[in-house]
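Everything on this sheet refers to the single structure shown next.
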Amino acid sequence: MSTLSLSSPPPGITEDVWATHEAAEPEAGDLWLLSWDGRALGLCVIYARLDDFVLVWPVSLPSDPVAPPAVTVTNTPLEVPLYPWPSRETGVSDMLLHRRLGRLIDTRTLEATAEAFDDGDPPPLPFAPVAATADRVAAEGYSLELIDIWASICLLEWPGPAPDRRLDPDALRKAHVSPSALAEILNSDTPTAVQVFRGEASVTPSQFEAIESATGVSPGQLVGGNARKVQRLLIDPSRKPRILELSEHLGIGEADARDLVASEYALAARSTGGVEERLEGVFSRLLADR
């Protein structure tokens, strides 16, 4: 399987074409390079845009030992034939979208190809060449490797299964929960309860259970709306360069960089300005440190 680099193009592809970054919202038919922690993961074409993630078809290069059921796209943004795998569709988080390389497949052909695979009919895009007998073992091995690689890619997510959750002060007030009442519910001192009340400290699952038991309000109704909005902003592909810049600056991984920004944002949540303005202020402060 071809080893990809974020900076150096694969064999047969020019540096200008590989390094081209077309800023745009992810759309069906677009060719994207995925990355995580500063490492290229793979190429894909977007099949569908959903909430916080995309459905994609893995894409192989001419140097890969491809065979059907991969299909062939001759005219591509990389100026070499590429081989999408419609039968290997998977979902990946927006946070993995690193670089848009251009439009690979028009929407009509994309839908017709997907429909053909669903119905077992010949697709409008031609199948990849059948491997010669000598190469068949390599093609079969590559096909299995592709499944494993993309299974691991689709498991990458942020925030994780137990994200840093903070309460919304306005939601607490609507539930008639004061800082002093919260201190009693959590069996904590007043300063700690005030921090939790203001959304300046995260809440553990057991604390959520205690709050729900005491108030009858589900935890989801008490989580800060701004926190959720910040999480969505931090996985947006347009902020990927900023995340990578911070990750490199501090010598930490992408997930840790996002955790840090979200945490620092919560501490600055009462400052003036909109969510995006305050978020950019957090990036600027963190990048100015050290």
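What follows draws every value from the coordinates through simple rules; no lab data is involved. Predicted model only: the values in this text are computed from it and were never measured. Here the Cβ is made from the backbone with ideal geometry for all residues, glycine too, and neighbour counts use every protein chain on show.
Highest GNM mean-square fluctuation, the chain, Cα pairs closer than 10 Å: which of F117, F197, F53? Checking each option, the largest mean-square fluctuation is seen for F117. Helix 136-154 and the long axis of the chain differ in direction by around 20°, with both axes built from C-alpha atoms. R0 = 35 Å: FRET efficiency of S178 with D52, Cβ-based, nearest 0.05? So, using R0 = 35 Å, E works out to roughly 0.55.
Could you work out the local net charge near E115, counting Lys and Arg as +1, Asp and Glu as -1, over the other residues with Cβ closer than 14 Å to its Cβ? Each step should come with its number before you reach the end.
On the way: positive: R108; negative: E89, E111, D118, D119, D121.
That sum, taken over residues with Cβ under 14 Å, equals -4.
Quick check: the distance between the Cα centres of segment 87-120 and segment 22-75, to the nearest angstrom? Going from one Cα centre to the other spans 7 Å. Within 13 Å, Cβ to Cβ, of P65, how many net charges do the neighbouring residues add up to if Lys/Arg are +1 and Asp/Glu are -1? Counting the neighbours of P65, the net charge comes to -3.
Test of understanding: express the Cα radius of gyration of the chain as a ratio to 2.2 N^0.38 Å, with N the residue count. Compactness ratio reported: 1.23. Extension gain, S8 to L260: 0.36 nm times the residue separation minus the Cα-Cα distance gives 87.7 nm.
Charge dipole (Cα centre; +1 on Lys/Arg Cβ, -1 on Asp/Glu Cβ; no other charges) of the chain amounts to roughly 780 debye. Against the main long axis of the alpha-carbon atoms of the chain, helix 205-215 sits at an angle near 50°.
The residue among T190, A114, P68 whose Cα reaches farthest toward the positive pole of the charge dipole of the chain, with charges on the beta-carbon of Lys, Arg, Asp and Glu, is T190.
Which value at 222 nm does the chain reach when only helices count, each DSSP H run of 4 or more adding -39,500 (n - 2.57), with the total divided by all residues and rounded to the nearest 500 deg cm²/dmol? Don't jump to the answer; show the numbers that get you there.
Details: 11 runs with 120 residues, N = 290.
Calculated mean residue ellipticity at 222 nm is -12500 deg cm²/dmol.
Computed from the Kirkwood radius of its Cα pairs, the Stokes-Einstein diffusion coefficient for segment 35-141 at 37 °C and 0.692 mPa s stands at 224 µm²/s.
If only the Cβ of Lys and Arg carry +1 and only the Cβ of Asp and Glu carry -1, the dipole of segment 225-288 around its Cα centre is close to 280 debye.
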